[in-house]
Amino acid sequence: MKSALIGGVLGLGMILAGAAHAHGPSRQKVQISEVLDATPEEVWQTIGNFDDMGWHPAVARTEITPEGAPADVPDESTRILHLKAESGDPTITEQLIGLNPDKMIYKYMITDVAVEVLPVTNYSSTLQVRDKDGKAEVIWKAGFYRGFPNNDPPENLNDEAAIAAVTAVYEAGFQGLVQQFGKAE
């Protein structure tokens, strides 16, 4: 009886250990902020237009699709970011899911991107400008899953690769904004 109980407990422990190891990916988050040497309104004029990401150094051009569609209507506004590249036309398609110009914030999600371009899935993000002692504090944050949805992802599609890629996109955007407005002291 005692050995059957021990065997059952060990068997249950092995099942639970296997189940714990078999879980899929967990949601990752990145948040970066920067205080710029400009007013919140000046910065919002630059980054608050969903149809223009010309301020980001990695974006060659922004296209609203379909042609003639609104650029400021949540759940109806979709943009295609054409990225700068040595060859091809890598793109990221994003949909506006929330916009509040009074609070200088918009939310969007990626609806289509090749994992070779950005190794993420189920990505949603918020871009916001806040007043910080008369200067513009820009806050860019995202939640996403890695590019490989199953266990044992390849190195280029794991959690670390996804976090590094999103962080690099945000840092490049902030470098462009700092170049345009300067960094607040």
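The values are calculated or read from the model by the stated rules, or taken from the named source; none is laboratory data. All figures in this text were calculated on a predicted structure; none of them were measured in a lab. Every residue, glycine as well, gets a Cβ built from its backbone with ideal geometry; the counts of neighbours run over all protein chains shown. Note: areas computed on protein heavy atoms with side chains; ligands, DNA, RNA excluded. Shrake-Rupley method; radii C 1.70, N 1.55, O 1.52, S 1.80 Å.
Key figures for this structure:
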| quantity | calculated |
| --- | --- |
| The stretch 114-161 - percent of accessible surface contributed by carbon and sulfur, probe 1.4 Å | 43 |
| D (Stokes-Einstein, µm²/s), Kirkwood Cα radius, the stretch 95-139, 1.306 mPa s at 10 °C | 132 |
| Hydrodynamic radius by Kirkwood, which averages 1/r over all alpha carbon pairs of the chain, in angstrom | 18.5 |
| Cut-off 12 Å between beta-carbons: net charge of the residues surrounding D112, Lys and Arg +1, Asp and Glu -1 | 0 |
| Per residue accessible area in Å² of the chain, where ligands, DNA and RNA are left out and the probe is 1.4 Å | 57 |
| Net charge of Cβ neighbours under 10 Å - reference I163; Lys, Arg +1; Asp, Glu -1 | 0 |
| Over the chain: helical MRE at 222 nm, DSSP H runs n ≥ 4 each giving -39500 (n - 2.57), nearest 500 | -9000 deg cm²/dmol |
| Cross-link reach list, aspartates and glutamates versus K84, counting only Cα pairs under 19 Å and skipping chain neighbours closer than eight places | D51, D52, E63, E94, D112, E116, E171 |
| GNM top mover of G68, G48, G134 - the chain, alpha-carbon springs below 10 Å | G68 |
| Qualifying lysines (Cα of each under 22 Å from Cα of K132; at least 8 residues distant if same chain) | K103, K107, K141, K183 |
| Amide H contacts of A184 (H built 1.01 Å from N, under 5 Å, at least 5 apart or other chain) | V35, L36, D37 |
| Stretch gain in nm, segment Q175-E116, where the contour uses 0.36 nm per residue and the Cα spacing is subtracted | 18.9 nm |
| Principal-axis tilt of helix 159-181 within the chain, Cα atoms, nearest 10 degrees | 10 |
| Residue-span extension gain [S124 to A85] - 0.36 nm each, minus C-alpha spacing | 11.7 nm |
| Radius 12 Å from Cβ of T62, net charge of other residues (Lys, Arg +1; Asp, Glu -1) | -2 |
| Inter-probe distance in nm under a simple model that places probes 7 Å from Cα toward Cβ, at N156 and E41 | 4.8 |
